[in-house]
Amino acid sequence: MQKIKSTTVIAVKHNGNVAIGADGQASMGNTIAKSNVKKIRKLYENKVIAGFAGSTADAFTLLDRFEEKLNGYGGNMKRASIELAKDWRMDRYLRKLEAMLIAINKEEILIISGTGDVLEPDNQVAAIGSGAMYAQSAALALKKHAPHLTAEEMVRESLNIAADICIYTNHNLVIENL
């Protein structure tokens, strides 16, 4: 799987609830270009939410394609993700895009990459971006040691921990629930 820097996106499914969140920092090299970018987008009648890491223009292109696939497959997120990943890997134009996506619905969390991967995490925690491992580690610890927290609270705390450590992640958070 490719390594994308410059953001943190995390999704957690816990006790029947799913939440996804991202920080708001956009970086250009070693410079903060903007601090309040919205990297989370509701799709398919607000039944699917996707978050992106990587080049913003590339991510918006992929989100548009993903939404087309969702509409074409009647909201079947897994099928739409697989078809997007196939196109992404095989299409000459799409293959050059540098971004990753996390998509959630009430039932599942998927990570979609340009290498053709569509992954459903075993532990019901998915993270992408430069702060991904910090946020994922925090979320896994919270699921294990603070099971009374909601999925949204786990996402918020995980992003805050990542923002304290990762220079490409800030504390301007956007979090959505299903």
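What follows is calculated from the coordinates using simple rules that are stated; it is not laboratory data. Not measured: the values here are computed from a predicted model. Reconstructed Cβ throughout: ideal geometry from the backbone, glycine too, with neighbour counts over all protein chains shown.
Computed values, structure above
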quantity: Eligible aspartates and glutamates near LYS86 by straight Cα distance, threshold 13 Å, same-chain separation 8 or greater; calculated: ASP117
quantity: Label zone at GLU107, where the point sits 7 Å out along the Cα-to-Cβ direction: the range 31-72 residues whose backbone N lies under 12 Å; calculated: none
quantity: J(HN,Hα) series, the range 150-157, from Karplus relation 6.51 cos²θ - 1.76 cosθ + 1.60, nearest Hz, glycine and proline x; calculated: 7, 4, 4, 5, 5, 4, 4, 5
quantity: Overall dimensions of the chain as given by Cα atoms, namely Rg and Dmax in Å; calculated: 14.9, 47
quantity: For peptides 98-108, 154-164, sequence by mean Cβ density within 10 Å, most packed first; calculated: 154-164, 98-108
quantity: Charge context of LEU62, other residues only, Cβ under 14 angstrom, K/R +1, D/E -1; calculated: -1
quantity: Per-residue HN-Hα couplings for the range 33-40 [Karplus 6.51, -1.76, 1.60; θ = phi - 60°; Hz; x = Gly/Pro]; calculated: 8, 7, 10, 9, 6, 9, 9, 10
quantity: Local electrostatic count, ASN76, Cβ distance below 12 Å [Lys/Arg +1, Asp/Glu -1]; calculated: +1
quantity: Listed residues LEU62, LEU110, LEU149, most fluctuating in the chain (Gaussian network, C-alpha, under 10 Å); calculated: LEU149
quantity: Neighbourhood net charge (9 Å Cβ-Cβ; Lys/Arg +1, Asp/Glu -1) for GLU120; calculated: -1
quantity: GNM flexibility winner over the chain from TYR134, TYR73, TYR168 (Cα, springs under 10 Å); calculated: TYR73
quantity: Vicinal HN-Hα couplings computed from phi for the range 127-139 (Karplus, 6.51 cos²θ - 1.76 cosθ + 1.60; Hz; Gly/Pro x); calculated: 9, 9, x, 5, x, 4, 5, 5, 5, 5, 4, 4, 5
quantity: For the chain, built as a Gaussian network whose Cα springs stay under 10 Å, the top-fluctuating residue of LYS86, LYS39, LYS13; calculated: LYS86
quantity: Dipole moment magnitude, nearest 20 debye, the range 1-116 about Cα centre, only Lys, Arg, Asp, Glu C-beta charged; calculated: 140 debye
quantity: Distance violations [Cα-Cα > 21 Å] among LYS13/LYS96; LYS34/LYS96; LYS42/LYS106; LYS78/LYS143; calculated: LYS13/LYS96; LYS34/LYS96; LYS78/LYS143
